[in-house]
Amino acid sequence: MKVFIDNVIAHRYINFKSNKKEPSTVAILGSSRGNDSIMKYMNLSSDVAKSIVLSGHNVIHGCGQCGIMGAVYDSAAKYSKKDESGRPKQNLAIVKEPLWGDEDLENCVVVGKAKSEAQRIKMFSDKADSIVIFPGSAATIQEAATLISKNNYSPKEDRKKIILVGHDYFSGLIRQYQDIYKNGLLSDKPQNLFSVVDSKDEILKELN
């Protein structure tokens with residue numbers, strides 16, 4: 001895969017080149033609630049989702065209406081190619097059953113239904129080629145820790161690219177993994193299990 005960065009900052013897209021015949025899929029996870037503390041991340045996640053779908057690839061998310069989930073959903077739905085029925089076919093979702101009640105199932109393609117958060121995390125891991133995790137609540141920390149743990153115990157060739165967005169937000173988690181490694185309780189260095197970035201350019205570079 002290769003990243004192409006346009007000279008115009010507002011229109012930088014990911015140009016994937018892969019041996020796979022089908023499009024790549026990027027999971028974008030994060031808060032399903034919106035407030036001033038994550039507004040910059042909502043804007044960033046929306047821009048990243050736009051870049052992915054405009055390059056012909058897929059975004060998969062949790063189908064929330066607000067916060068980062070809502071921003072990703074809206075952007076992927078807006079810029080996605082449409083199928084014969086007019087549904088945005090690059091805007092993929094994994095939903096919980098029973099539904100939370102704020103999902104818009106008309107403008108996405110539901111590719112999985114999970115009975116629990118643990119099952120949904122596994123579905124994200126199974127269906128995504130790469131995973132980008134923005135700031136969020138306790139569930140977001142659970143998602144990040146579970147996915148990082150899976151990388152830790154998987155052969156290197158089976159690991160997923162995990163990108164945490166926000167050094168400040170994830171500082172405690174980063175420090176925890178550094179301490180675990182120093183104490184000899186982690187199989188590999190933290191930087192080999194996940195990366196941490198702050199900007200769109202860094203996200204695109206990591207997705208390369």
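When each of Lys17, Lys21, Lys96 is tested for being within 21 Å of Arg120 (Cβ to Cβ), of a type in the set (D, E, K, R) and at pLDDT below 95, the lone residue that passes is Lys96.
On the basis of being at pLDDT 95 or above and more than 16 Å from the chain's Cα centre (by Cα), does Ile162 make the cut?
Values: at pLDDT 95 or above: yes; more than 16 Å from the chain's Cα centre (by Cα): no.
It is false that Ile162 is at pLDDT 95 or above and more than 16 Å from the chain's Cα centre (by Cα).
For segment 127-155, filtering for residues that are within 24 Å of Gly34 (Cβ to Cβ), part of a helix (DSSP H, G or I) and small (Gly, Ala, Ser) leaves 4. Does Gly30 qualify as being under 22 Å from Gly112 (Cα atoms) and touching a Phe, Trp or Tyr at 6+ places or on another chain (Cβ under 6 Å)? The answer is yes for Gly30.
Within segment 156-179, the presence of at least one residue that is part of a strand (DSSP E or B), in contact (Cβ under 8 Å) with a residue 24 or more places away in the chain, surrounded by fewer than 18 Cβ atoms within 10 Å (Cβ to Cβ) and touching a helix residue (DSSP H, G or I) at 6+ places or on another chain (Cβ under 9 Å) is confirmed.
Quick one: in segment 68-126, which of the residues that are assigned to a strand (DSSP E or B) and charged (D, E, K, R) is surrounded by the most Cβ atoms within 10 Å (Cβ to Cβ)? Full working, then the answer.
Going through segment 68-126, the residues assigned to a strand (DSSP E or B) turn out to be 82, 88, 91-96, 109-114.
Narrowing the set further to residues that are charged (D, E, K, R) leaves 82, 96, 113.
Details: Lys82: 13, Lys96: 16, Lys113: 14.
Selected residue: Lys96.
The listed residues are Ile52, Ile133, and the only one of them that is crowded, with 18+ Cβ neighbours inside 10 Å, within 24 Å of Glu206 (Cβ to Cβ) and in contact with a Gly (Cβ under 9 Å, 6 or more places away or on another chain) turns out to be Ile133.
Considering segment 35-49 alone, what residues qualify as being of a type outside the set (Asp, Glu) and surrounded by fewer than 18 Cβ atoms within 10 Å (Cβ to Cβ)? Talk me through it step by step, then tell me what you get.
Just the residues of segment 35-49 that are of a type outside the set (Asp, Glu), to begin with: 35, 37-46, 48-49.
Residues satisfying the conditions are Asn35, Ser37, Met39, Lys40, Asn43.
The values are calculated or read from the model by the stated rules, or taken from the named source; none is laboratory data. The structure displayed is predicted, hence computed values, not measured ones. Cβ coordinates were reconstructed from backbone atoms using ideal geometry, including for glycine residues, and neighbour counts include every protein chain displayed.
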